[in-house]
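Written out below as structure tokens is the structure these notes cover.
The values are calculated or read from the model by the stated rules, or taken from the named source; none is laboratory data. Bear in mind that the values here come from a model prediction, so they are computed numbers and not experimental data. In this analysis, Cβ positions are derived from the backbone assuming ideal geometry, glycine residues included, and neighbour counts consider all displayed protein chains.
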Amino acid sequence: WAKADGKSRWALYDPERNAREVARFTLSATMPAALERDEFYVDYQPLVGLHDGTVLGVEALVRWQHPEFGRLAPDRFIELAEETGLIVALGRWVLRTACQQARRWLDEFGKHAPFVSVNLAVRQSRDPDLVSDVRRILDEVGLSPHHLQLELTESAIMGTADEPLEALRALSDMGVRIAIDDFGTGYSNLAYLRHLPVHELKVAGSFMEGLRAEEGADPVDEQIVSTLVSLAHALGLTVTAEGVETPAQAERLRTIGCDAGQGWFFARPGPPDAVERLLRDQL
Ligand code: C2E
Ligand code: MG
Ligand code: MG
Ligand code: MG
């Protein structure tokens with residue numbers, strides 16, 4: 001306060017920290033209206049089969065076109081949305097948007113249409129209405145559950161109460177694919193994996209560094225990825241590698257036996273028509 005010496009006043013009024021707090025507060029306070037005003041949109045990034053290069057699925061990644069701050073990446077607002085609880089409404093909007101997009105692709109590309117893969121926040125996985133929301137959206141949109149995958153992080157799935165697991169089991173029984181996102185970065189109980197209603201592991205991009213180039217290759221990273229792929233296959237799961245940036249990485253992953261890759265090497269996240277160009281090329 002006013003009488004304090006220079007140093008502690010500085011600490012109290014750290015202008016950068018203050019600006020960050022104000023920005024956080026502003027974003028958080030304006031998010032509900034932004035959702036009403038359609039300021040959010042979804043970019044799509046292909047999941048590509050490593051054997052034949054076909055687009056198997058497409059991940060939906062939300063962005064916020066903010067009137068003042070410009071285009072905001074999810075790292076700027078997803079956590080805030082989790083804190084305020086708006087993530088449930090925002091997540092439902094993303095889910096509906098992605099399912100509508102998947103439906104359009106199904107109409108245009110038939111059996112070549114990719115599934116859409118939608119991220120679920122921890123809070124959504126604990127929402128008692130999750131299963132009925134998903135079922136209602138699929139019904140309304142007219143999309144078969146097989147065209148939808150839900151991505152959850154290890155922390156959203158493991159070591160939690162039984163209810164979220166029950167929900168995942170119900171979704172899985174319905175035919176929705178379940179993927180574990182950023183696999184290898186959390187504290188997975190590997191033995192527990194076999195009891196989970198999971199179809200796919202998405203290996204975290206942080207492991208791709210070691211697969212970057214022949215000379216620069218990190219044998220440990222490579223061994224970890226290769227072990228995860230074997231484990232996943234032993235459990236009957238498919239594996240997608242995230243953050244694939246170079247041809248060398250894609251080639252190593254293919255040799256290791258990884259099923260699919262996602263990353264800048266194949267395609268950046270982008271609008272639906274960028275995905276459509278790829279889909280048309282492979283018809
Ligand atoms: P994620 O689900 O692991 O998504 C992959 C992230 O990696 C995306 O970041 C994507 O743009 C980025 N990426 C893709 N290819 C590459 C690459 O080759 N190299 C590198 N370095 N990065 C690559 P993005 O779009 O910024 O999303 C960040 C995170 O935000 C996502 O990570 C996900 O956890 C979260 N997120 C995005 N959309 C949603 C959503 O609708 N709901 C929820 N709950 N979370 C979301
Ligand atoms: Mg994801
Ligand atoms: Mg991920
Ligand atoms: Mg993530």
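Consider segment 179-188. How many of its residues are within 16 Å of ligand 1 (Cβ to nearest atom) and surrounded by fewer than 21 Cβ atoms within 10 Å (Cβ to Cβ)? Give the derivation first.
Of the residues in segment 179-188, the ones within 16 Å of ligand 1 (Cβ to nearest atom) are 179-186, 188.
This time we only want the ones that are surrounded by fewer than 21 Cβ atoms within 10 Å (Cβ to Cβ), so: 182, 184-186, 188.
Within segment 179-188, residues that are within 16 Å of ligand 1 (Cβ to nearest atom) and surrounded by fewer than 21 Cβ atoms within 10 Å (Cβ to Cβ) number 5.
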Being within 15 Å of ligand 4 (Cβ to nearest atom) and part of a helix (DSSP H, G or I): is that true of GLU82 here?
yes
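Quick one: count up the residues across segment 110-130 that are over 14 Å from the mean Cα position of the chain (by Cα) and either of a type outside the set (Asp, Glu) or within 13 Å of ligand 4 (Cβ to nearest atom) (or both). Walk me through how you get there before you give the answer.
Residues of segment 110-130 over 14 Å from the mean Cα position of the chain (by Cα): 110-114, 123, 126-130.
Among the residues that remain, those that are also either of a type outside the set (Asp, Glu) or within 13 Å of ligand 4 (Cβ to nearest atom) (or both) are: 110-114, 123, 126, 128, 130.
Result for segment 110-130: 9.
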From the residues in segment 247-283 that are modelled with pLDDT under 95 and part of a loop (DSSP other than H, G, I, E, B), which one is surrounded by the fewest Cβ atoms within 10 Å (Cβ to Cβ)?
LEU283
Listed by first then second residue, the pairs whose first member lies in segment 177-205 and is on the phi > 0 side of the Ramachandran plot, whose partner is within 16 Å of ligand 3 (Cβ to nearest atom) and in a strand (DSSP E or B), with beta carbons under 7 Å and at least 6 positions apart or on separate chains, are ASP182/THR153; ASP182/LYS202; GLY184/VAL203
